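Take a look at the structure set out below.
Bear in mind these aren't lab numbers, they're just calculated from the coordinates by the rules spelled out. Values in this document were obtained by computation on a predicted structure and should not be read as measured data. Here the Cβ positions follow ideal geometry from the backbone for every residue, glycine too, while neighbour counts run over all protein chains shown.
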Amino acid sequence: MIYSRRASPLHAARAACAIAYCAGLAAAALLTANPIVLAAIVLSVSIAGTLAGVGRAVARAALLALPLAVTIALINGLVSHDGLTVIVRLGELPVLGHADVTLEAVVYGCVLGLRAVALVLCAALYTAAVDPDEVLKLFRRISFRSALTATLATRMVPVLARDARRLADAQRCRPGPAPSRVTLMRAATAGLLDRALDVAAALEVRGYGAARSLPRRHRPWSRHDFAFLASAVALVAVGLSRGLASFAAYPTLRLGSVAASVGLAVAILACSLLPFADRRGVS
C-alpha cells in the first residue's frame, strides 16, 4: 500500500490539511464509544477512500483489520469479568481462572474491535492519499538531514518490494521448490549498497542539497485546504459532543438517545464527505 496521485479533492489539498482530516476522523473514533457513531466513522472513511480514488487500498486494509477486530472481541469477552448478563459459563480455565462470558463484555469487545477497524482505515486513507514527500517537507525546517533520511527510506522500501516480487516471479519459472522468503529477502538486499550509491548520485545531479539555498515559493491556500481543515475541526467537535449519545457497557448495556446517536452519525457523514463535493481545481 503506497501513495499514488489521484484526481480528487483530498489529493489536491496540501499535506497538512489532509493529515488534519485523517487525524480528525481518527480522533472522532477515539473520542466515542457509541457503536452507531463508530459505524458511521467506518462508513465515512470507506466512502472517502472511494471518492479519493483509493477505495481498493482502504478495502484491503479492511480485510486485514477484520481478523484483528474479531480477536479483540474474543479476548475481551474471555478476559473481562464485568457485566451482569452471563451468557456462557466456562468454569475454571488455565491462566484465566474462573471465566464467565457476559453479554456486556462481548458487546464492548465488539465496540473496541469496531474502533480498531476505524483507526486502521484512517491510517490506510492517510497512507494512500497523502503525499509522503509533502509530509517530509513539513519537517524540513526542523531537520533537513532527518527529512532526507526519511525520504530515502520511504523510497527504498517500495523499490525493494518490487525487486523481491520480480525475483519471486523469476524463481517460479525455474524447476524445483520455491525459494523461502528469507532467500528472497537476502537476494533483494544484496545490491542495496549499490542502489543507495545510485540514488545518492541522482540526488547530487539534481541538486538536492542546493535547494536549501533557493527561495521558497509560497503556495496559496486553496478551497480544498480550507474545506478539509474545517472538516477536521468539525469532526473533532462532533467527537467531543459524545455526551449527547452516551454508551456504557458495564454493569449493564446502556445506550443514550437513539435519535441523538443517529444525529451524530449523520453529522459525521456530512462533515467527512462534504469536502469532496467541490471538485473545481482538481487535477
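Brief remarks on what is shown
- For the stretch 217-283, the gyration tensor built on C-alpha atoms gives a prolate shape. Its axis ratio a/c (a ≥ b ≥ c) is at least 1.5, and a/b is the larger of a/b and b/c.
- Here the stretch 29-53 is scanned for amide nitrogen atoms under 16 Å from the site 7 Å beyond the Cα of I87 along Cα-to-Cβ, giving 35.
- Long-range tail of P(r) for the stretch 1-100 (Cα pairs > 22 Å, %): 48 percent
- The chymotrypsin sites (Phe, Trp or Tyr not before Pro) of the stretch 108-141 that DSSP puts in a loop, and whose beta carbon has at most 15 other beta carbons within 10 Å, are F139.
- For the stretch 242-256, the Karplus equation 6.51 cos²θ - 1.76 cosθ + 1.60, evaluated at θ = phi - 60°, returns couplings of 5, x, 6, 9, 6, 8, 9, 9, 10, x, 10, 5, 9, 10, x Hz by residue, with Gly and Pro reported as x.
- Spatial offset of the stretch 165-179 relative to the stretch 68-109 amounts to 46 Å, using the alpha carbon center of each.
- Virtual spin-label span in nm between A178 and S241, 7 Å along Cα→Cβ: 5.2 nm
- Förster radius 22 Å - calculated FRET efficiency between V79 and L31 (Cβ-Cβ, nearest 0.05): 0.35
- Contour excess over end-to-end distance, with Cα ends at A277 and A201 and 0.36 nm allotted per residue: 23.0 nm
- Neighbourhood net charge (15 Å Cβ-Cβ; Lys/Arg +1, Asp/Glu -1) for T183: +4
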